[in-house]
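Input: a single structure, listed below in structure tokens.
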Amino acid sequence: MTDAPAQKDRPWVMRTYAGHSTAAASNALYRTNLAKGQTGLSVAFDLPTQTGYDPDDPLSRGEVGKVGVPVPHLGEMRKLFDGIPLTEMNTSMTINAVAMWMLAMYQVVAEEQNPDSPPAEVAAQLAGTTQNDIIKEYLSRGTYAFPPEASMRLIADMIAYTVHQVPQWNPINICSYHLQEAGATPTQELAYALSTAIAVLDQVRDAGQVSEDDFEKVVGRISFFVNAGVRFVEETCKMRAFVRLWDEITRERYGVQDEKMRRFRYGVQVNSLGLTEAQPENNVQRIVLEMLGVTLSKNARARALQLPAWNEALGLPRPWDQQWSLRLQQVLAFESDLLEHDDIFDGSHVIEAKVAELVEGARAEIDRVQAMGGAIAAVDYMKSELVSSHAARRARIESGEEVIVGVNRYETTEPSPLTADLDGAIMAADPEAENAARTSVEQWKAQRDETEVADALAALAAAAKTDENLMAPTLAAARAGATTGEWAGTLRSVFGEYRGPTGVAGAVALSSSEGSAGAELSAVRERVRATGEELGGRLRLLVGKPGLDGHSNGAEQVAVRARDAGFEVIYQGIRLTPAQIVAAAVAEDVHCIGLSILSGSHMELVPDVLDGLREAGLADVPVIVGGIIPDADGRRLRELGVAAVYTPKDYGLTQIMDGIVDVIRSANDLD
């Protein structure tokens, strides 16, 4: 006699974060993934789309189709979801600054797919999420387009619109994911994410677009998107702390009485930047452990989960790599007994003590942020704290205190069949994607009614100068045929531009008294001083972020360590053109230029910088490059004149500083 099978809970929504090259190619990938058992879509947009530029904008050079799919107009949105019934789909869109625009185009495509249904009825059936968390963009990811106040207004407008018109849509995903990648401790991740949620809810409440009766519904549609690192016991406790704090905040600060509306609802992508280039096969077990941190505790289990692929530190994953990650989820959900049990941690004194510690620390940090005037007012403070936390973690890794298997311990390895052909172990984005996107925009503009577009954009600009909800004029602009760049450009003309803080100036330095790591830094500092004296002054290093890549963590850490090593550091933040970087090199008379590019646009942008330097008479100034750069690209960059190429396997920042001194000395014939 055998026991009857236990009743299983419904598994979480299973997604794969995907999108590349073109809308047609991404559509094929989505349909294939759905056929393999994926139960929701997670759309990755390219950087021009995320930041509100069309493919033909100078800032878009090299970035089109690299980290996601370009969607510059309604025609491309149609291609992206061709054959995928949107009223039956649960779609997550990782989009922030232009979230309103993407939701508008998504809704219009859904209406076109259902011509026999009234538009309002179609909108009411749409289910999914727009990330739409702009504060974390200022803190960590960098795909902002407008100043904070205007961005918060767009978020509030979207929330007010969806709660009435698209009630199954999550209009915002408060995103702690990128905070952890920017260095946040669990306490900071809790505090800064919840402080952001408070800022958003306060904005919606004070905007007056939602009645008191509907405000509970607003709270109920707020969702979160979190990170899960390899310390999966601590991650489990963090998620239970999130549940407890959110219930407390929504009940006490906002008076939400309905327990369902206070429920902490969240999706997850486990830690991508924690994946290693060295011995990348170890990333599979890291991904599994990270998945456990957000699935083991039933009372704090993720509603949706997407896993990175094992080779993301090498480049763009292939469909087979993404399938492997999907199968990890499916084995856990359908083969194990995880979903048959109540919460296995209830009653654990160890878990409860750690949760209580995290809750107490997060409350104190939330109070600190609120005392500064809230999350928007505290952006500079939070950014500086994150850069300092990240610097401290990097120091622990470099000293060996924090072990990374295959990186700073157990580095001896057998050859891996997975990486025998490094160039074949990843997928290359279509090199013609940029030309195809430019052509698409040109053809789109040629067939539309220009007068209708101009009128729609004028109406949008006029509405932006009032308190009117901008969702209606945005929908009108989408239907008229405006482009992503035109929509964002219209609002930039009203709201203005913005540059986020770098956090470098306030970051805590690595002390020269900190053991062997401090001694190594002292030795490099002496080389920096001595070389500067030989060249007649302090060594000056320009750290540049060309293009639209907003992942500035690496550049910030290089800038902080270079400062600690004695360099005079010039770092102007993200989103610079090659010409601006060359101009800064001329103005500051630098000894070396370090470029950080993680978006895959290095083969376009680095040569542009080199050409600009030659034209400016600075061909002798050495250039080094860091980023996710395949071996073949690294070899080509060195052939073009780059002095050194650093990739994620080069984790020792102080060693990199020593290498920069070598490069400067070689360029100036000092050795």
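The values are calculated or read from the model by the stated rules, or taken from the named source; none is laboratory data. Keep in mind it's a predicted model, so treat the numbers as computed, not measured. Here the Cβ positions follow ideal geometry from the backbone for every residue, glycine too, while neighbour counts run over all protein chains shown.
A few notes on this one:
- Boolean, residue 327 is assigned to a helix (DSSP H, G or I), farther than 18 Å from residue 235 by Cβ, free of Cβ contacts under 8 Å to residues at least 40 places away in the same chain and not acidic (Asp, Glu): yes
- Count of the stretch 1-51 residues which are of a type outside the set (S, T, N, Q) and part of a loop (DSSP other than H, G, I, E, B): 16
- Hey, residue 37 of a type outside the set (S, T, N, Q), at positive phi and surrounded by 24 or more Cβ atoms within 10 Å (Cβ to Cβ) or not: no
- Pairs where the first residue, in the stretch 118-134, is more than 13 Å from residue 106 (Cα to Cα) and the second is in a helix (DSSP H, G or I), C-beta under 6 Å, 6+ apart: 132/99; 132/155; 134/151
- Exactly one residue out of 159, 172, 135, 155 is crowded, with 23+ Cβ neighbours inside 10 Å and farther than 30 Å from residue 600 by Cβ, and it is 159.
- Total residues in the stretch 75-131 satisfying the condition of being of a type in the set (A, V, I, L, M) and part of a helix (DSSP H, G or I): the figure is 16.
- The set of residues from the stretch 276-297 being in a helix (DSSP H, G or I), surrounded by 21 or more Cβ atoms within 10 Å (Cβ to Cβ) and either more than 22 Å from the chain's Cα centre (by Cα) or touching a residue at least 60 places away in the same chain (Cβ under 8 Å) (or both) comprises 290, 291.
- Just one of the listed residues (313, 309) is part of a loop (DSSP other than H, G, I, E, B), small (Gly, Ala, Ser) and touching a residue at least 60 places away in the same chain (Cβ under 8 Å), namely 313.
- Residue 606 vs. criteria touching a strand residue (DSSP E or B) at 6+ places or on another chain (Cβ under 7 Å), buried (at least 19 other Cβ atoms within 10 Å of the Cβ), closer than 24 Å to residue 60 by Cα and of a type outside the set (Phe, Trp, Tyr): yes
- Inspection of the stretch 391-408 finds no residue satisfying the criterion of being within 25 Å of the chain's Cα centre (by Cα) and either hydroxyl-bearing (Ser, Thr, Tyr) or more than 22 Å from residue 181 (Cα to Cα) (or both).
- Qualifying residue in the stretch 609-630 (condition: within 30 Å of residue 497 (Cα to Cα), at pLDDT below 95 and outside any strand (DSSP E or B)): yes
- Yes/no for residue 594 being over 25 Å from the mean Cα position of the chain (by Cα), at pLDDT 95 or above and not aliphatic (A, V, I, L, M): no
- Residue within the stretch 34-43 that is hydroxyl-bearing (Ser, Thr, Tyr) and touching a strand residue (DSSP E or B) at 6+ places or on another chain (Cβ under 9 Å) present: yes
- Scanning the stretch 245-271 for residues that are under 24 Å from residue 11 (Cβ atoms) and either basic (Lys, Arg) or surrounded by 19 or more Cβ atoms within 10 Å (Cβ to Cβ) (or both) yields 246, 260, 262, 263, 264, 265, 266, 267, 268, 269, 270, 271.
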